[in-house]
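S.K.: Pasting a structure below so you can have a look.
None of the figures in this text is laboratory data; all of them are computed from the coordinates on show. All figures in this text were calculated on a predicted structure; none of them were measured in a lab. FYI the Cβ positions are ideal-geometry reconstructions off the backbone, even for glycines, and counts take in every protein chain you see.
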Amino acid sequence: MAKRLIFFLFTILSCSNLLASTVEDCFCFIQNLTDQASKQMEELAQQEGIKKIADGLYIKTLNEGTGSEVLSENDSPLVTLKVYELKPGGDNHPYVVDNPKKINLSHCIPGIRAGVAGMKLGEMRRIYIHPSIGHGELHPFFSSEVVYYDMEIVSLNREIQ
């Protein structure tokens, strides 16, 4: 809770200092960014091969997998991944390239947890995430942006329940 409050205050101060003369203008600026993200998601829905999984979550299978599926939040798959901010014009460079990486799905943002559900071993999927189910207010760089992950399941490590 404290982290969210600190980030919220940081965002307001940054906006009011850099982009707006009043707090009201800052909120309008943040709302405009969120509206832009929603518009980007609507445009994605029109593209071939894009599948809607939930509100604010789209996927595109880049390479079919053949092995076992990721089944639950208790899975901790070893993945290769790249994280991108969706930018107009396609000038998207990865923010993070960390390969391979073990991820504990129970600690991931909601968009990742839902986006990897049903992925098979060896599958590569592009997961598009609206900020409302992504990093949201927890991440200063991606707070109002559509981000997407290119993720491949390299191996599955299942936790014993």
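S.K.: Expressed in nm to one decimal, what extension gain is obtained for the pair residue 80 and residue 154 from 0.36 nm per residue of sequence separation less their Cα-Cα distance? Please report the intermediate quantities before stating the final value.
M.R.: Details: separation 74, 0.36 × 74 = 26.64 nm, distance 0.70 nm.
Length gained between residue 80 and residue 154: 25.9 nm.
S.K.: How would you order 116-129, 37-50, 54-67 from highest to lowest mean count of nearby Cβ atoms within 10 Å? Walk me through the numbers before you get to the answer.
M.R.: Working: 116-129: 20.2, 37-50: 13.1, 54-67: 15.1.
Final packing ranking: 116-129, 54-67, 37-50.
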